[in-house]
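Each value in this text was obtained by applying a stated rule to the coordinates, not by laboratory testing. Everything quoted here is computed from the prediction, not taken from an experiment. Don't worry about glycine lacking a Cβ; one is built from the backbone with ideal geometry, like all the others, and counts go over all protein chains shown.
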Amino acid sequence: MSQFFQIHPQDPQPRLVKRCVEILCKGGVIVYPTDSSYALGCRMDNREGLERIRKIRRLEEDHNFTLVCIDISQISTFAKMNNEGFRLIKSLTPGPFTFILEATKETPKRLQHVKRKTVGIRLPDDPITDAIVTELAEPLFSSTLIMPGEEGAMTDPEDIRDRLEKEVDLIIDAGVVAYEPTTIIGFTGDSPEVIRQGKGIAESLL
């Protein structure tokens, strides 16, 4: 049975944020809000948690997972960026973007795309997400909470509780979070390109 925390979406209670991180550090899987949807998260070295997330979503081996980072300086540990990429990511974050970058040797292989050796990176514009990753002091392994057979993410924490309370360790209630897909930008070619246009607008790539 999962725990259920009501956390203020703009002013997260530090006590509850610390409890969230304690659950993550004990191997827990959480449901938390971002600037584009609710998502599933666990520590990036949590092999069992990763498999639980994969099972919940029924994901294939080649699914591109995402690391939610604290800031742009942390990205360089896990993904390769040239100067152009650094400037573009800095100009767009925090915000509703997912960046597909070539993974570094420090990135565990289980977090990389099986064939392309890439990793998804996010820096969401969300106070709760920011508070969690700051307290955790490491990237949060993440996947949008889209259930099997559905096209959009779950939006209501009460519905999430009804459906997942036996499958995750914590559900954060930050109110209804409307699903708007992130804009995906790839950095694996000669120049950055928009792979999927979503909520975020990258004017320099239009």
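When each full DSSP H helix of the chain is screened for a Cα extent of at least 15 Å along its own axis and an average Kyte-Doolittle hydropathy of at least -1.0, the helices passing are 14-25. Normalising the Debye intensity of the chain to I(0), with uniform scatterers on Cα atoms only, and taking log10 at q = 0.17 Å⁻¹ returns -1.17. On the basis of the beta-carbon distance and an R0 of 22 Å, PHE4 and ARG110 show a calculated FRET efficiency of 0.15.
What FRET efficiency, computed as 1/(1 + (r/R0)^6) with R0 = 30 Å and r the Cβ-Cβ distance, is obtained for ASP190 and ASP45, rounded to the nearest 0.05? Given R0 = 30 Å and the Cβ-Cβ separation, E is 0.35. Sorting PHE141, PHE65, PHE99 from the fewest to the most surrounding beta carbons within 10 angstrom yields PHE65, PHE141, PHE99. Once the convex hull of all Cα atoms in segment 129-206 is built, its volume per residue stands at 153 Å³.
Think of the chain as a dipole: +1 on every Lys or Arg Cβ, -1 on every Asp or Glu Cβ, centred on the Cα centre; then among GLN6, SER36, GLY149, GLY149 lies furthest on the positive end. What separates the Cα centres of segment 112-146 and segment 10-63 is a distance of 9 Å.
Note the full-extension length gain between GLU102 and GLN197 as 0.36 nm times their separation in residues minus their Cα-Cα distance, in nm to one decimal.
So the chain would gain 32.2 nm between GLU102 and GLN197.
Between amide H atoms placed 1.01 Å from N, distances below 5 Å from PHE65 occur with GLY120, all of them 5 or more places distant or on a separate chain. Counting only residues at least eight positions apart within a chain, or on another chain, the lysines with an alpha carbon under 24 Å from that of LYS80 are LYS90, LYS105, LYS109, LYS115, LYS117.
Here LYS55 is the anchor, and the aspartates and glutamates within straight C-alpha reach of less than 14 Å, apart from those fewer than 8 places off in the same chain, are GLU167. The trypsin sites (Lys or Arg not before Pro) of segment 1-97 that DSSP puts in a loop, and whose beta carbon has at most 12 other beta carbons within 10 Å, are LYS26, ARG58. Straight-line reach from LYS199: taking Cα to Cα under 13 Å and skipping same-chain neighbours fewer than 8 places apart, the aspartates and glutamates in range are ASP35, ASP125, GLU180.
Remark: segment 191-206, residue by residue, has Karplus-estimated 3J(HN,Hα) of 8, x, 9, 7, 8, 9, 7, x, 5, x, 10, 9, 4, 6, 10, 6 Hz, where x stands for each Gly or Pro and the curve is 6.51 cos²θ - 1.76 cosθ + 1.60 at θ = phi - 60°. Less than 5 angstrom separates the built amide H of ILE195 from those of ILE184, ILE185, GLY186, all sequence-distant by 5 or more or on a different chain. For segment 1-79, the Cα gyration tensor yields ellipsoid semi-axes of 21, 18, 13 Å (square root of five times each eigenvalue, largest first, whole Å).
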